[in-house]
Amino acid sequence: AVNDYLKGGDDALNFIVGSAMKATRGTADPKETKDLIKFEINAKNTISKYLNVDFIYGERILNHEFDLVSTDRRYVGEIKYIKEWNPNIISLLVSRLSSIEAEHKFIIVGGNIKILREHSMLHSNIGIVFYFFDGSKIIRL
């Protein structure tokens with residue numbers, strides 16, 4: 001369904017949103033769910049072009065499932081859109097990425113770039129690259 005959406009299929013996106021609504025038993029906001037799914041799909045597509053790497057979704061490494069893993073497992077990343085800043089979310093992602101071996105570990109975040117820049121500096125010495133995705137382009141922090 002994701003590939004169909006990337007080819008311009010709104011029906012495919014509606015199917016993905018419907019599946020998410022079913023999984024949450026209708027408790028998720030449909031518009032917000034659709035926006036978050038579009039954000040993740042577009043971020044994945046954009047970082048793939050930016051890094052010139054093919055990624056697969058939801059690959060398990062050790063005990064964690066990561067949003068993006070390259071086919072050769074050299075690149076591993078997470079994607080999160082954070083409406084309200086919560087450093088615990090980033091700390092959890094950093095912890096998970098720190099527990100694995102990969103040449104390029106990264107986190108793509110949407111939301112408030114100013115706060116993200118401040119927080120990414122806290123983790124700059126541990127080998128995890130932070131990117132900001134504004135919906136159309138990737139910015140390395």
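Considering only strands (runs of 3 or more DSSP E) fully contained in segment 26-123, which possess at least 2 residues that are touching a residue at least 60 places away in the same chain (Cβ under 8 Å)?
Where strands (runs of 3 or more DSSP E) fall fully within segment 26-123 and carry at least 2 residues being touching a residue at least 60 places away in the same chain (Cβ under 8 Å), they are 104-110.
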If I ask for residues that are farther than 15 Å from ILE107 by Cα and either open to solvent by less than 50 Å² (accessible area, probe 1.4 Å) or touching a Phe, Trp or Tyr at 6+ places or on another chain (Cβ under 7 Å) (or both), which ones from segment 34-52 would you list? LEU36, ILE37
Among the listed residues GLY77, GLY58, which satisfies the condition of being touching an Asp or Glu at 6+ places or on another chain (Cβ under 7 Å) and at pLDDT below 90? GLY58
Kindly establish whether ILE82 is modelled with pLDDT under 90, of a type in the set (A, V, I, L, M) and open to solvent by 30 Å² or more (accessible area, probe 1.4 Å). no
Hey, VAL129 open to solvent by less than 50 Å² (accessible area, probe 1.4 Å), assigned to a loop (DSSP other than H, G, I, E, B), in contact with a Ser or Thr (Cβ under 9 Å, 6 or more places away or on another chain) and of a type outside the set (S, T, N, Q) or not: no
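The values are calculated or read from the model by the stated rules, or taken from the named source; none is laboratory data. Owing to the predicted nature of the structure, the values given are computational and were not obtained by experimental measurement. Every residue, glycine among them, receives a Cβ derived from its backbone with ideal geometry; neighbour counts consider all protein chains shown. In case anyone asks, the SASA skips ligands and DNA or RNA and just uses the protein heavy atoms, side chains included. Shrake-Rupley method; radii C 1.70, N 1.55, O 1.52, S 1.80 Å.
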